[in-house]
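Novice: Okay, handing you the structure first.
The values are calculated or read from the model by the stated rules, or taken from the named source; none is laboratory data. What you see is a predicted model, and the numbers here were worked out from it, not measured in a lab. Cβ placement follows ideal geometry from the backbone for every residue including glycine, while neighbour counts extend to all protein chains displayed. Accessible surface is based on the protein model in full, side chains and every heavy atom, while ligands, DNA and RNA are left aside. Shrake-Rupley method; radii C 1.70, N 1.55, O 1.52, S 1.80 Å.
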Amino acid sequence: MWSASVFTLYPEMFPGPLGRSMAGTALEKGLWALEAKNIREHGLGRHRAVDDTPAGGGPGMVLRADVLAASLDAGLAPDDPRPRLLMSPRGTPLTQKMARAFAGGPGLVIVCGRFEGVDERVIEGRGLTEVSVGDYILSGGEIAALTLLDSCVRLLPGVMGKDESGSEESFEGGLLEYPHYTRPREWEGRAIPETLLSGDHARIARWRREQAEKLTRERRPDLARKADEA
Ligand code: SAH
C-alpha cells in the first residue's frame, strides 16, 4: 500500500484536511496510509529541545541535526525504499509530473521544517531531497506536506471517482484547463457557449482545445512556450 511517513513538530495537523473528502475516504478504505511522527519525542533534556540558535548569528532558530536524525533513524527501517523529502522553499518546485512519479512509487517520507530551517548537515547526512510548493514562505512544512500528499493521493488507483477525471486537467497536457459550465442554461444574463450545447463532440473538443490554448497563452506564457516546443 502507498504509505506516507511525516516527521513534524505538529503531528496533530495530520491527516487534517486529508481526512476528509476524496483523500479521507481513500484513507478509510486503506487505499493509502499515513503516519505522523513527532520529532519532539527525540528532543533533548527536560524541555525536549529540538532547535538552537544559528551558527554565525542571525535571527530565529534552527532545527537540530542530531534531533531530526534520531527521529528519522528511530522511525524508519534502513532499507525503507521511499523517497525522503524535506519541504523547503529552496527545493525543486512541485509539478504535476513529480506528483505522478511519486504516486507511482511506494510512498513518501516527508520532513516538515520549522523556524528558520533545518541544519544543513542532516539534509546531507540523511539524503533528504528538498521540494518546494512555490515561491513564497510558509511558517512550516506541514501545509506544504499536505499539499504534496494531496497531489499524489488523488492519483492513486481507485481514489478518484471517475478514472478519466484527472487525465484532462490543467498541466496534464501542458496546458491550463478549458472553462466549465453547468445548468442553468442561462444565469444572470450569461449563456453557456452555444458550442457546448451543440451535441457535436468533435466541435466541442476543438472549442475546448482552443480555449485551453488561449487561456494558457494569456495567463501562463511560460507553459505555452513549453507546449509549443514539445
Ligand atoms: N528561512 C527559510 C524559510 C523557513 S520557513 C528560507 O528563507 O528559505 C520554515 C519551514 O517552512 C521551512 O523549513 C520549510 O519546511 C517550510 N516551508 C516554507 N515555505 C515553503 C515552501 N514554499 N515550500 C515548502 N516548504 C516550505
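Novice: Report whether or not GLY60 is within 14 Å of the ligand (Cβ to nearest atom), without any contact (Cβ under 8 Å) to a residue 60 or more places away in the chain and of a type in the set (Gly, Ala, Ser).
Specialist: Working: within 14 Å of the ligand (Cβ to nearest atom): yes; without any contact (Cβ under 8 Å) to a residue 60 or more places away in the chain: yes; of a type in the set (Gly, Ala, Ser): yes.
So GLY60 passes the test.
Novice: Can I ask one more? Give region 80-95 a look and list any residue that's of a type outside the set (Gly, Ala, Ser) and within 16 Å of the ligand (Cβ to nearest atom), or say none.
Specialist: Filtering region 80-95 down to residues of a type outside the set (Gly, Ala, Ser) leaves 80-87, 89-90, 92-95.
Matches in region 80-95: PRO83, ARG84, LEU85, LEU86, MET87, PRO89, ARG90, THR92, PRO93, LEU94, THR95.
Novice: If you scan region 182-196, which residues turn out to be open to solvent by less than 100 Å² (accessible area, probe 1.4 Å), of a type outside the set (S, T, N, Q) and out of contact with any strand residue (DSSP E or B) (no Cβ under 9 Å at 6 or more places or on another chain)?
Specialist: Across region 182-196, the qualifying residues are PRO184, GLY189, ALA191, PRO193, LEU196.
Novice: If you don't mind, another one. Of the residues that make up region 25-46, is at least one part of a helix (DSSP H, G or I) and open to solvent by less than 40 Å² (accessible area, probe 1.4 Å)? Spell out the reasoning first.
Specialist: Just the residues of region 25-46 that are part of a helix (DSSP H, G or I), to begin with: 25-28, 39-42.
Narrowing further to those that are open to solvent by less than 40 Å² (accessible area, probe 1.4 Å): 26, 39.
There is at least one residue in region 25-46 that is part of a helix (DSSP H, G or I) and open to solvent by less than 40 Å² (accessible area, probe 1.4 Å).
Novice: Return the only residue of GLY16, GLY24 being modelled with pLDDT of 95 or more and at positive phi.
Specialist: GLY16
Novice: Could you list, in sequence order, all residues of region 28-57 that are within 16 Å of the ligand (Cβ to nearest atom), small (Gly, Ala, Ser) and touching a Ser or Thr at 6+ places or on another chain (Cβ under 7 Å)?
Specialist: ALA36
Novice: Taking TYR178 and the conditions (1) within 19 Å of ALA101 (Cα to Cα); (2) open to solvent by less than 40 Å² (accessible area, probe 1.4 Å), which numbered condition does it fall short on, given that it satisfies the others?
Specialist: So TYR178 meets the others, but not (1).
Novice: Given the conditions (1) at pLDDT 95 or above; (2) over 20 Å from SER3 (Cα atoms), and given that VAL111 satisfies all but one, which numbered condition is not satisfied?
Specialist: (2)
Novice: Which number in (1) closer than 24 Å to LEU215 by Cα; (2) exposed (fewer than 13 other Cβ atoms within 10 Å of the Cβ); (3) polar (S, T, N, Q) marks the one condition that SER170 misses?
Specialist: That leaves (2) as the condition not met.
Novice: Within the bounds of region 185-205, is there any residue that is closer than 25 Å to ALA26 by Cβ and free of Cβ contacts under 8 Å to residues at least 40 places away in the same chain?
Specialist: Within region 185-205, none of the residues are closer than 25 Å to ALA26 by Cβ and free of Cβ contacts under 8 Å to residues at least 40 places away in the same chain.
Novice: Among the residues of region 1-20, how many are open to solvent by 40 Å² or more (accessible area, probe 1.4 Å) and in contact with an Asp or Glu (Cβ under 6 Å, 6 or more places away or on another chain)?
Specialist: 2
Novice: Mind telling me which of the residues ASP80, ASP52, ASP66 ends up being within 20 Å of GLY105 (Cβ to Cβ) and modelled with pLDDT of 95 or more?
Specialist: The conditions single out ASP80.
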